[in-house]
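Okay, structure first, notes after.
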Ligand SMILES: [Zn+2]
């Protein structure tokens, strides 16, 4: 119950008030991420129902990180109220997908949504709240580093290029990190996969994320360029996953 008291903190109260201005007065419940095994290694995840906002957080991390994670998840909710676009799976294009393909489609959809929301979410986390931004991004960088370090791929097969497509998507996130953290993770990305890093960099220069319209246009560009990258590297079946992502 002590952990639930986090909700009383002024940063979180500030966001609850902002949600209230959008008539979102749903109950906010903080719970242990270990209760949902497939997310158990995540920092946090948010599930929403018409009456509740459930935020699952990782209690393995200290309280200053937990607080930043709660703010992060609530900011995702907040910007949806402001009309920022979302990525959904096209029903027609995914009709014949098997359970494994559905799993992959959902995974990509979730990451795509995160990528297009994070420039706004990170900006506000850094500038509008009195939270431990430095420690929070230290953890982010550690986790992303770990993601790169786990890589054992040798041959450049289809799966290799599918992972690079995901690196491009997730790589867009890094541009919104504070500069110290951004440099650390981008250096690792550039060293491991210079071509993919350059592709991501060229794509990023075409993007803007200041308002819902800019984010919508940027999301279309991201999708188009990731598909183009796949086509260039011989992915046709896998590109259907990206093609099934609709931006609304
Ligand atoms: Zn996020």
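Below, the figures for the structure above:
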item: Test: residue in the stretch 158-180 that is over 16 Å from the mean Cα position of the chain (by Cα), closer than 19 Å to residue 122 by Cα and touching a residue at least 60 places away in the same chain (Cβ under 8 Å); result: no
item: Candidates 208, 187, filtered to the one that is over 17 Å from the mean Cα position of the chain (by Cα) and over 22 Å from residue 232 (Cα atoms); result: 187
item: Criterion violated by residue 73 - all others in (1) within 16 Å of the ligand (Cβ to nearest atom); (2) in contact with a helix residue (DSSP H, G or I) (Cβ under 8 Å, 6 or more places away or on another chain); (3) not assigned by TED's automatic domain parsing to the domain that holds residue 237 satisfied; result: (2)
item: Subset of the stretch 152-165 that is surrounded by 14 or more Cβ atoms within 10 Å (Cβ to Cβ) and in contact with a helix residue (DSSP H, G or I) (Cβ under 7 Å, 6 or more places away or on another chain) - its residue that is nearest to residue 218 (Cα to Cα); result: 165
item: Count - residues of the stretch 3-46 that are in contact (Cβ under 8 Å) with a residue 40 or more places away in the chain, farther than 16 Å from residue 72 by Cβ and surrounded by 12 or more Cβ atoms within 10 Å (Cβ to Cβ); result: 3
item: Residues within the stretch 115-151 that are touching a helix residue (DSSP H, G or I) at 6+ places or on another chain (Cβ under 6 Å), closer than 29 Å to residue 227 by Cβ and within 16 Å of the ligand (Cβ to nearest atom), tallied; result: 8
item: Count - residues of the stretch 90-114 that are away from the ligand (no atom under 16 Å from the Cβ) and within 11 Å of the chain's Cα centre (by Cα); result: 0
item: Number of the exception - residue 246 against (1) part of a helix (DSSP H, G or I); (2) under 22 Å from residue 109 (Cα atoms); result: (1)
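The values are calculated or read from the model by the stated rules, or taken from the named source; none is laboratory data. Please read all numbers here as calculations on a predicted model, not as lab measurements. Cβ sites come from the backbone with ideal geometry, for glycine too, and all protein chains shown count toward neighbours.
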